[in-house]
Amino acid sequence: MSMFGQVFVKDNKYKIKGDFHHLTPNTPIRDADDGWKLLGVTNPRDMTYMHSYGGEAIFFESLSQGKLLATRCDNSGCGTRGTTYIPFRIHCPDCLGKNSIIDLTAVARKSARIHTFMVCERSGAFNLLDKPIKFINIEFDGVATILMSYLSLGEPKFGMRVLPIFKTSGPTFTILDLSWVPEGTPQEQLPEGFTF
Amino acid sequence: MITFSRQQLKIPRLQRPVYLVTAGQSKFDRAFPDKRTEELCIDAFTMAAGLLDISPAELKQYIHSCYYGHFADHFGDQLLGESVIHDRLGLDPLGNVGVKTGGATGGSTLWEGMKAVASGYSDCVLVMGWERMDEVPTDEGNFLISCAADKDWESPLGHIYTGYYAVMAQRYWQIFGKSEESFRRTLAEISVKHHGYARFNPFAQSPMKITVDDVLNSPVVAYPLRALDCCLMSVGAACAILCDEDTATQLTKNSKNKPLRIYVAAGSHTLRPADRLDMAIPLLPNETADQYKDLGERFPGGDRYPGFTGFLAARIAAYYGYGMAGITDPTTDLDLVELHDAFTISDVQTYEDIGIRPYGYGRDYVESGDCYHTNPHTGQPGKLPSNLSGGLIGCMHSVGATGIMQTFEVATHIWHRWEELHGDAQLWQKFNRVKPDDWTSLQVEGAKRGMAISHAGVGSHVTSTILMDPDHLLAKDA
């Protein structure tokens, strides 16, 4: 019986178990308008990649623990010292020094608001979110950047106050573990697996 | 606040003039089940040779190095596709290189080719671009396109690029469009125009005679963007030949093509719009600092630049390009443009980024009728016609070829060959397309200068390609 590919790291090496690809036969593509002559073949391919989050791993791990992390340049010699970034930037784009990791959860709870949004009726293949997807871009007090995410409940509006929610039960360890709801949403209305 | 150094703002200077002498393209379509990519590239190359009245074999004798634009290896499912095409064109052992900058790949490939000639490395180069987007169905294709967003922070959010543009559309509509239904109709008018112009272009994939209401009633993809606000997913190839002055003179001696001066410049900005930091608006030659002082009062929320409403990369590409070519006002100095209308909203944003209209007033370029071949309000020639090819919405977006297709279109106007190359009944027949009974020539009479904007992602790379009749340059030493 096949098993999805699984990976852990030991001695800084990937250790893999299970199937990282699945075999499906090629099939011919023929021309129905010209005597079913051969035009080509299908090339099925199902493969699992191994992707490192590197210095951003702590961000994705923290989502599963109900925390929203950001980074800040604290280099006293940098012209943009004090700038806070989310999305997380491992290094300052100015001085390229290593940024400090900060907990932005309280700031997000206190100040997050919708900068812009859209409601998406379609998706590409491999989408895991329910449609329509309500994309929101979020501003925070004291943060230089604007985070893209999605609203799980309610209808988005410009300037609307939103609160972060985290998939702490059954996390995917992807950006989908972070979502947002309108301020005032009760805990019992949160999507399955999410907490404030 | 981002600032730029004097060294970074230096206007690029070429070591010697570079000329575009010919160009060519294949038919564009959603799928070519009966053709390999190399066949489409050979179609484009053969056309380019034909416009010089020489054979492909003769043209190849002049080529010294090759620049290939092909964005998405995963679409075509072929790594080193450049090597395949280079071999099939019979151009080994000449040096060649692949260029990949998303939707700007075609423009970036011209940029690389221009630099090779300007530096003296080569006297004549081939610039060829293509894309193979029919090896997967549309939903899977949307997934592959979304891989051009940040894979950890953005792509998992729907795997649909239209969504990443729709948030910009929403912001622009509410701030600069003041949420007016009239602005939404102006966006729809762009789609009507581009599908309409595609009707007169035998190469074009999506000719349509439609109305504003058709656009507004088309299915929502990512509100406020609807299906007819969006560009095409295409297959096809386009190429151009760039030369120094002596080679250009030799190659065009028996041809209707006049060598055209070419300038290409490039800009960039963050892959994720999320990362865009505030800055002062970099000014173009036809703007003053004063004019944007009260932008936030006129359009509340509009003072965050570039935010989600402007493309810094386009502005910088225009800044360098205008400086190189001596352009002080694009609307008066240019005779036509081909813009990267990936979506109707990004077309409007670009009008402002490249200085056709000031920030906040892009819609006026459409509403005034200036962007049309013939101004619908006056019946007179449009002041600066745009996307007479049909653009990405009506003609094609075969990514690696797009910027080169746009440049081909601009060149045909300056050569005064647009009518010959788009009205040819044999070409319509060869492409198995019906030439409309009301086919109309869109030749821009007296065109001497034009520009093509090639744009990637949500503004990560942008190039400006400027073509000029060498007898109508704007700056002596340019």
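Things to note:
- Shielding by partners for peptide A:155-162, expressed as the average number of C-beta atoms from other protein chains within 10 Å of each residue's C-beta, is 1.
- Sequence of B:ASP150, A:ASP74 once ranked by neighbouring C-beta atoms within 10 Å, starting from the fewest: A:ASP74, B:ASP150
- Kirkwood Rh and Cα Rg combined as Rg/Rh, the range B:100-146: 1.18
- Both the radius of gyration and Dmax for chain B are 20.7, 62 Å, in that order, over alpha-carbon atoms.
- Cα-based convex hull volume of the range B:28-94 per residue, rounded to whole Å³: 101
- Judged by the mean number of other Cβ atoms found within 10 Å, the most tightly packed of the peptides B:451-457, B:132-138, A:114-120, B:309-315 leads the ranking B:451-457, B:309-315, A:114-120, B:132-138.
- Largest mean-square fluctuation among A:LYS157, A:LYS15, A:LYS131, in a Gaussian network model of chain A whose springs join Cα atoms under 10 Å apart, belongs to A:LYS15.
- Taken over the range B:259-331, the percentage of Cα pairs per 5 Å bin, counting from 0 up to the bin with the maximum distance, is 3, 14, 21, 23, 18, 13, 5, 2, 1, 0.
- Exposure proxy for B:HIS413, A:HIS21: other Cβ atoms within 10 Å of each Cβ, ordered fewest to most, give A:HIS21, B:HIS413.
- Within-15-Å neighbourhood charge of B:CYS395 [Cβ basis; K, R +1; D, E -1]: -1
- Considering the protein assembly as shown, its Cα convex hull presents a mean projected area of 32.4 nm².
- Going from the residue with the fewest nearby Cβ atoms within 10 Å to the one with the most, B:TRP415, B:TRP130, B:TRP428 rank B:TRP428, B:TRP415, B:TRP130.
- In terms of the mean number of neighbouring beta-carbon atoms within 10 Å, the peptides B:33-40, B:103-110 order highest first as B:103-110, B:33-40.
- Computed [θ] at 222 nm, helices only, for chain B once each DSSP H run of length n ≥ 4 contributes -39500 (n - 2.57): -10000 deg cm²/dmol
- For chain A, alpha-carbon Rg and Dmax in angstrom: 21.9, 75
- Cβ charges +1 (Lys, Arg) and -1 (Asp, Glu), total dipole of the protein assembly as shown, debye: 1140
- Per-residue shielding of A:105-117, expressed as the average number of other chain Cβ atoms within 10 Å of the residue Cβ, stands at 2.
- For the peptide B:146-156, the mean number of other protein chain Cβ atoms found within 10 angstrom of a residue's Cβ is 5.
- If you take all other residues with their beta carbon under 12 Å from the beta carbon of B:GLY423, and give Lys and Arg +1 and Asp and Glu -1, the sum is -1.
- Counting charges near B:ASP229 (Lys, Arg +1; Asp, Glu -1) among other residues having Cβ under 14 Å from its Cβ returns a value of -1.
Throughout, read-outs are computed from the coordinates displayed, never taken from laboratory work. These numbers were taken from a predicted model, which means no experiment stands behind them. Positions of Cβ are backbone-derived with ideal geometry, glycine not excepted, and every protein chain shown enters the neighbour counts.
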